[in-house]
1. Among the residues in segment B:62-83, are any aliphatic (A, V, I, L, M) and facing another protein chain (nearest Cβ under 8 Å)?
2. Tally the residues that are at pLDDT below 95 and not small (Gly, Ala, Ser), restricting the search to segment B:1-32.
3. Tell me, which strands (runs of 3 or more DSSP E) lie completely within segment A:1-90 with 2 or more residues that are within 14 Å of chain B (Cβ to nearest Cβ) and in contact with a Leu (Cβ under 7 Å, 6 or more places away or on another chain)?
4. Just to be sure, is B:Ala91 facing chain A (nearest Cβ under 9 Å) and surrounded by 15 or more Cβ atoms within 10 Å (Cβ to Cβ)?
5. Got at least one residue in segment A:63-78 being over 21 Å from B:Phe104 (Cβ atoms), without any contact (Cβ under 8 Å) to a residue 12 or more places away in the chain and surrounded by fewer than 20 Cβ atoms within 10 Å (Cβ to Cβ)?
6. Going through segment B:94-108 one residue at a time, which ones are more than 9 Å from chain A (Cβ to nearest Cβ) and modelled with pLDDT of 90 or more?
7. Which of (1) of a type outside the set (A, V, I, L, M, F, W, C); (2) surrounded by 13 or more Cβ atoms within 10 Å (Cβ to Cβ); (3) closer than 13 Å to A:Gly107 by Cβ does A:Tyr10 not meet, given it meets every other one?
Amino acid sequence: GAGVSQSPRYKVAKRGQDVALRCDPISGHVSLFWYQQALGQGPEFLTYFQNEAQLDKSGLPSDRFFAERPEGSVSTLKIQRTQQEDSAVYLCASSFGQSDTQYFGPGTRLTVL
Amino acid sequence: GENVEQHPSTLSVQEGDSAVIKCTYSDSASNYFPWYKQELGKRPQLIIDIRSNVGEKKDQRIAVTLNKTAKHFSLHITETQPEDSAVYFCAASKRTGGYNKLIFGAGTRLAVHP
């Protein structure tokens, strides 16, 4: 079946602009994770949803970062007033249960100029 | 919090040789250890994982070993092929609130030369 999809695949923003990144998890997957992957580094946890509930947002680097999953399926990661240090690949992952295998999307590469 | 260190950062082998990548973790409560393969510009893909109640797991040319006492785990790839060339990430997690919050190593870039 279809895997995790993300859009857009690439996003270029001017410093100070707001961006919204979308994640479509595998159908029926309860758990959804967002990770940030800087160039040459491993993914770093940002936030976790169980259905529509955001149970962990401990990895969000600042209050400029906001995530939602209002109907328990599609999720959006929003970054307000983007800064150059926000440039990274943003990965979404979903899993059927809470502690099952996480399947990753292709990521959105964000470049802030 | 959990910290995962991964070595080496780069690894170059000849086709047919074995490759070993090692990771150490800091939180003794961690109980799930997946390995992901990421080709350039592609998504991370799970290749093998191990839970803390098992010391070793094998899947064809890939094996993972876990030493809970020493808090380290390793990925072993035998009979390497050029298509094994990629960046490999280890991760560790514990079920916090019922879910796996993965903490990743910095990655190992494996190059397999024909």
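The values are calculated or read from the model by the stated rules, or taken from the named source; none is laboratory data. No experiment lies behind these values; they were computed from the predicted model shown. FYI the Cβ positions are ideal-geometry reconstructions off the backbone, even for glycines, and counts take in every protein chain you see.
1. No, segment B:62-83 contains no residue that is aliphatic (A, V, I, L, M) and facing another protein chain (nearest Cβ under 8 Å).
2. The total comes to 5.
3. Passing ranges, in order: A:31-37, A:44-50.
4. On the way: facing chain A (nearest Cβ under 9 Å): yes; surrounded by 15 or more Cβ atoms within 10 Å (Cβ to Cβ): yes.
In short, yes.
5. At the first step, the residues of segment A:63-78 found to be over 21 Å from B:Phe104 (Cβ atoms) are A:63-64, A:66, A:68-74, A:76, A:78.
So of that shortlist, the ones also without any contact (Cβ under 8 Å) to a residue 12 or more places away in the chain come out as A:63.
The next check asks that each one be surrounded by fewer than 20 Cβ atoms within 10 Å (Cβ to Cβ); those that pass are A:63.
Within segment A:63-78, one or more residues are over 21 Å from B:Phe104 (Cβ atoms), without any contact (Cβ under 8 Å) to a residue 12 or more places away in the chain and surrounded by fewer than 20 Cβ atoms within 10 Å (Cβ to Cβ).
6. B:Thr108
7. Result: A:Tyr10 passes all but (2).
Let's see how each residue does on (1) more than 30 Å from A:Ser5 (Cβ to Cβ); (2) surrounded by fewer than 18 Cβ atoms within 10 Å (Cβ to Cβ); (3) in contact (Cβ under 8 Å) with a residue 40 or more places away in the chain; (4) more than 12 Å from the chain's Cα centre (by Cα):
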site: B:Gly16; (1), (2), (3), (4): yes, yes, yes, yes
site: B:Lys37; (1), (2), (3), (4): no, no, yes, no
site: B:Gly55; (1), (2), (3), (4): yes, yes, no, yes
site: B:Gln60; (1), (2), (3), (4): no, yes, no, yes
site: B:Thr69; (1), (2), (3), (4): yes, yes, no, yes
site: B:His76; (1), (2), (3), (4): yes, yes, yes, no
site: B:Gln81; (1), (2), (3), (4): no, yes, yes, yes
